[in-house]
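The values are calculated or read from the model by the stated rules, or taken from the named source; none is laboratory data. Note that this is a predicted model, so its numbers are computed, not measured. Cβ: placed from backbone, ideal geometry, glycine included. Neighbour counts: every protein chain shown.
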Amino acid sequence: MTGSQFENGQLPVGWSRIPLRDVLLPTSTVDPRRVKQNEFFYVDIEAIDNARQKLVAPKRLLGAAAPSRARNAVQAGDVLFSLVRPYLRNLAVVPDGLDPAVASTAFFVCRPGPGMNSRYLLNFLRQVSFIDSVTTYGSSPPAARDEEFERLPIVIAPSREQERIADAVDELFSDLDTGVSTLERVREKLKLYRASVLKAAVDGTLTAEWRRSHPSTESAAELLRCVIAERRRRWEEEQTRKFKEKGQEPPKNWKARYKEPVEPDTSTLPSLPSGWCWVSWDQIGLAQNGRGFPSKDYQDTGVKLLRPGNLYADGTVAWNERNTRFLPQQYSDNAADLIVRGGELIMNLTAQSLKDEFLGRTCITSPDECCLLNQRLARLTPIVVQPRFMLCVFKSAWFRTFVAGLNTGSLIQHMFTSQLDDFVLPLPPFDEQSAIVDVVDDQVSVIDHLQAELGKRLQSRQSLRQSILRHAFSGMLVPQDSNDEPASRLLERIATEREARVRAGVAVKRSGRRRSRSEAGGAR
């Protein structure tokens, strides 16, 4: 049977298309806190590896420590499907050895009836076409409804064919995983190589040969004197502008109000190459925080609003349909001091964690940029020092170590522009900054190209996974056997078992689940 026949509604002989609930048995809820001293395995969303759809990190807790969302009693063979942000693909089969186990109310517990293969069910549910069919409601976080989810249609093969399909998918996915693991190792090596290039850029190793061939270059100490003088000149110019706007004459000795930047303590810092010196950001740069703009005024055209989602890990500021927001032009007219132009450094000041280096992520805008600076972002303006060199510094391990050492809070991580004043960095001579940027650009461009190629190959493997699943559930992955018991008989047995359990009082208990599900999603 061809794929087109299947898509037109025809199924292989012996298969059935039915609502998901028709292949499931009743489940129950439990409150581990009632038995405070008993231990149990707790499965929350963080326990799922959503790249492989496997349960990898359940927590072992005492009943007394059970969170309020630990309510779903689960057993080996259950298929867990998170209805909180289902597009994140947090689903997995509960393995043997977790007894007793309780899952978060974020999950819908699919307990396969007799003759239903758990791996077959998991593979059907992990299809993009199925996940995309799950309707969600709300935004904090978006979640699906139990009663709608269990009514979604699935196709059921005979029991023996289910096992053959599950085995074939496992084998093919295992081969793909081997290839993906190799590509991931290469990608990690490229990340390490990028980090080593940036480290060499800020410690002088990258331009050691350049220094030997340019012995007469103006030193960083001389550059710093120019920076300090320019810093004061800009301050005086800004103060004069403010007095003029107010129609006031500058008061006597107003220049004495200037606050000199504090020199860094270099007693414990490593030595630098000849001609370099240690400086603080307070000495060589200025920072400006963004402002909050009302989301109710977002529209389809106007001036772009620069937000954290526009800052990419490769150091670029990028716009697409999903991350672009516009405000009326009047906002640009009334906030001229917050207009971001080309070649400017922008830093993110807020993130949910430190894992992806999003906190403190710094990017440089494209030459033709024009947008407004939103809150939680800062514009960083080096004085005389080259912005692209500072981008190398802010993307280096030297700066990441500084960020990791800040008191950044708990659930939401924050940093402040005032904390940047204490950041101490190595400063090379001005001409050497140009040499550093040139070498870094050359080497990073090669890394970017290789990473893009790896990304394409990894994406093609994800597409291949979905192709395998489409073939599996159209009856084209493994041969059919006319001796297999048809799915209709399987469904009869499941219905009989479900009715027996309901009569025995093992009914599904889902009261209050939507409220708990929201709590579960918020905890993530």
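List the strands (runs of 3 or more DSSP E) that sit entirely inside region 4-69 and contain at least 2 residues that are buried (at least 20 other Cβ atoms within 10 Å of the Cβ).
Once the strands (runs of 3 or more DSSP E) in region 4-69 are filtered for at least 2 residues that are buried (at least 20 other Cβ atoms within 10 Å of the Cβ), what remains is 39-43.
All but one of (1) surrounded by 17 or more Cβ atoms within 10 Å (Cβ to Cβ); (2) without any contact (Cβ under 8 Å) to a residue 40 or more places away in the chain; (3) farther than 27 Å from residue 429 by Cβ hold for residue 399; which doesn't?
Failed condition: (3).
Out of 455, 505, report the one residue that is over 30 Å from residue 261 (Cα atoms) and either at pLDDT 95 or above or part of a loop (DSSP other than H, G, I, E, B) (or both).
505
Give all pairs with beta carbons closer than 8 Å in which a residue from region 177-193 that is of a type in the set (Phe, Trp, Tyr) meets a residue that is surrounded by 11 or more Cβ atoms within 10 Å (Cβ to Cβ); count only pairs at least 6 apart in sequence or on separate chains.
193/447
Which of the residues spanning region 323-375 are charged (D, E, K, R), touching a residue at least 40 places away in the same chain (Cβ under 8 Å) and touching a Lys or Arg at 6+ places or on another chain (Cβ under 8 Å)?
Once the filter is applied, which keeps residues that are charged (D, E, K, R), touching a residue at least 40 places away in the same chain (Cβ under 8 Å) and touching a Lys or Arg at 6+ places or on another chain (Cβ under 8 Å), region 323-375 yields 344, 357, 369.
Out of 235, 281, which single residue is within 21 Å of residue 430 (Cα to Cα) and in contact with a Phe, Trp or Tyr (Cβ under 6 Å, 6 or more places away or on another chain)?
Just one listed residue meets the conditions, 281.
Suppose we keep only residues that are in a helix (DSSP H, G or I) and of a type in the set (Phe, Trp, Tyr) within region 123-148. Which one would you say is surrounded by the most Cβ atoms within 10 Å (Cβ to Cβ)?
Going through the qualifying residues, I end up with 124.
Quick grid of which residues meet (1) in the same structural domain as residue 471 (by TED's automatic domain parsing); (2) modelled with pLDDT of 95 or more; (3) under 29 Å from the mean Cα position of the chain (by Cα):
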site: 173; (1), (2), (3): no, no, yes
site: 186; (1), (2), (3): yes, no, yes
site: 201; (1), (2), (3): yes, yes, yes
site: 225; (1), (2), (3): no, yes, no
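Among residues belonging to region 123-181 that are aromatic (Phe, Trp, Tyr) and in contact with a helix residue (DSSP H, G or I) (Cβ under 8 Å, 6 or more places away or on another chain), point out the one that is nearest to residue 22 (Cα to Cα).
Out of the qualifying residues, it is 149.
Would you check if residue 151 is outside any strand (DSSP E or B), closer than 19 Å to residue 469 by Cβ and either touching a Pro at 6+ places or on another chain (Cβ under 9 Å) or at pLDDT 95 or above (or both)?
Considered against the rule, which asks whether it is outside any strand (DSSP E or B), closer than 19 Å to residue 469 by Cβ and either touching a Pro at 6+ places or on another chain (Cβ under 9 Å) or at pLDDT 95 or above (or both), residue 151 comes out as no.
Of all residues in region 52-72, which are out of contact with any strand residue (DSSP E or B) (no Cβ under 6 Å at 6 or more places or on another chain), hydrophobic (A, V, I, L, M, F, W, C) and within 17 Å of residue 95 (Cβ to Cβ)?
57
With respect to residue 255, is the statement that it is free of Cβ contacts under 8 Å to residues at least 12 places away in the same chain and in a helix (DSSP H, G or I) true?
no
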